[in-house]
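Novice: Sending over a structure as structure tokens; questions will come in a sec.
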Amino acid sequence: MDFGKITARVKGMLATPKTEWPLAAAEPATVGSLYAGYIAWIAALPAIAGFIKGSLIGYGAFGISYRTPIGAGIGAMVLHWVLSLAVAYVVALIINALAGTFNGQKDMVQALKTVAYSWTAAWVAGIAVIIPWLGWLIGLLGAIYAIYLLYLGLPFTMKCPPEKSGGYTALSVIVAIVLSWIVSLVVAGVIGTAVLGGAAMTGAHLGSTSGDNVTVDPNSALGKLAAMGERADQASKELDAAQKSGDSAAQQAAAGKMMGAAMGNDGTVQALSTDQVKAFLPDTLLGLKRTSSSAQRTNAMGMQVTEAHAEYGDGNGRNLTLEVTDMGTAKGLMAMAGAMAPEEERTTDHGYEKTYTAGGRLTHESWDEQNKDGEYSVVVGQRFTVKANGNANSIGELKQAVASVDLGKLESLKNEGAAAH
């Protein structure tokens with residue numbers, strides 16, 4: 001195995017993708033050689049990091065922590081890795097099938113190259129799960145950069161016109177997200193943790209293709225995804241024009257619009273400021289004083305997310321954490337997740353966890369009666385998440401903690417910063 005070649009390809013894709021893509025597309029390869037010589041190794045990185053975090057380091061804060069048993073952790077690691085390999089192949093099949101729709105050339109090996117090398121950023125960034133607090137941010141940036149790599153690579157691997165790359169990218173990304181949700185659900189079932197959503201793409205049917213469009217049932221999940229692809233296609237044309245103009249401000253605006261379209265929005269979305277989000281955190285929570293608070297706003301490649309969290313305690317070992325997050329640019333995906341998420345419930349000897357919709361809001365709760373520890377979170381306005389977790393007498397207290405946030409006021413801001421085009 002030539003690990004030097006693998007390392008060089010990773011460096012090239014992450015540092016100089018515009019010059020690396022033509023080289024990668026021209027290299028002779030087979031499906032087998034791509035898996036054995038690249039995909040199997042790079043896709044293992046986040047699976048291994050997840051095992052280290054879950055079974056060796058553990059999760060938790062304020063003196064409360066838990067670890068996945070070693071046996072279950074190893075099983076989940078292997079399952080995560082195997083499913084990642086399978087999903088990569090399925091997404092490659094879909095990218096190959098869509099090639100004609102976007103005036104590209106079908107080639108399964110090139111489609112697999114597209115997935116393997118564009119996903120490099122996300123797989124490498126997946127290592128960051130072991131980093132406390134900042135791990136999620138690095139993972140998010142890796143996923144965003146992977147989208148950018150896909151956008152750059154499609155014209156070289158699938159021979160699609162550059163002006164069609166935006167729509168091609170958007171539809172491919174959404175399919176990948178749906179499949180990744182399914183993988184998360186399966187792995188979570190093995191290690192006994194919860195995820196805040198799922199995916200059930202039912203009722204969608206692909207019709208005939210004509211010109212540049214895919215004919216689908218507009219009310220189906222795939223129909224909505226196709227509409228997102230069309231918006232991204234239009235946004236990509238504007239990005240191409242901005243790039244040719246050399247106007248950096250126009251390029252930034254066009255990139256933001258394309259990212260917004262890929263995330264399911266009809267226009268750009270500016271996440272709320274840190275002060276706006278932090279203002280929703282109360283000074284006291286269930287009689288506990290606020291001991292610390294912080295907020296951060298991420299803005300990278302047109303993707304904006306603002307998160308604020310506060311810690312509350314009584315100095316005698318009872319601690320709660322309250323978080324409010326504005327998903328900003330991912331607002332459209334949050335809406336789709338809410339529409340597609342199935343209801344789930346799992347019970348154990350000492351507690352339960354479940355995901356359901358209540359009052360039109362996607363809700364997740366988990367409770368461990370033995371340790372008197374749990375989590376309760378809701379999606380508000382198909383854009384914001386509010387989550388409380390920690391020590392409590394019952395899940396009812398965590399629900400009260402979430403209710404201490406002015407959810408009505410938060411929901412009234414669901415269109416704040418959204419600019420339609």
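The values are calculated or read from the model by the stated rules, or taken from the named source; none is laboratory data. Computed from a prediction, not measured in an experiment: that's the story for all the values here. Virtual Cβ from ideal backbone geometry, glycine too; neighbours counted across all protein chains shown. Surface areas here come from the heavy atoms of the whole protein model, side chains and all, with no ligands, DNA or RNA. Shrake-Rupley method; radii C 1.70, N 1.55, O 1.52, S 1.80 Å.
Novice: Take region 381-421 and flag every residue that is more than 21 Å from ASP283 (Cβ to Cβ) and either assigned to a strand (DSSP E or B) or acidic (Asp, Glu) (or both).
Specialist: Listed by number, the residues that qualify are THR385, GLU411, GLU416, ALA418, ALA419, ALA420.
Novice: Go through region 273-293 and give me each residue that's under 26 Å from GLN304 (Cα atoms) and in a strand (DSSP E or B).
Specialist: Across region 273-293, the qualifying residues are SER292, SER293.
Novice: Moving to a separate point now. Does ASN389 satisfy being under 27 Å from LEU288 (Cα atoms), polar (S, T, N, Q) and surrounded by 15 or more Cβ atoms within 10 Å (Cβ to Cβ)?
Specialist: Yes: the conditions hold for ASN389.
Novice: Tell me which residues, restricted to region 33-66, are more than 24 Å from the chain's Cα centre (by Cα), at pLDDT below 60 and among the small types (Gly, Ala, Ser).
Specialist: Listed by number, the residues that qualify are GLY63, SER65.
Novice: Next up: Which condition from (1) under 21 Å from LYS354 (Cα atoms); (2) open to solvent by 50 Å² or more (accessible area, probe 1.4 Å) is the one that SER412 breaks?
Specialist: (1)
This table checks each residue for (1) in contact with an Asp or Glu (Cβ under 8 Å, 6 or more places away or on another chain); (2) under 15 Å from HIS309 (Cα atoms); (3) open to solvent by 10 Å² or more (accessible area, probe 1.4 Å).
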| position | (1), (2), (3) |
| --- | --- |
| ARG361 | no, no, yes |
| TRP367 | yes, no, yes |
| ASP373 | no, no, yes |
| TYR376 | yes, yes, yes |
| SER394 | no, no, yes |
| VAL402 | no, yes, no |
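Novice: Is it the case that some residue within region 335-349 is at pLDDT 85 or above and in contact with a His (Cβ under 8 Å, 6 or more places away or on another chain)?
Specialist: No, region 335-349 contains no residue that is at pLDDT 85 or above and in contact with a His (Cβ under 8 Å, 6 or more places away or on another chain).
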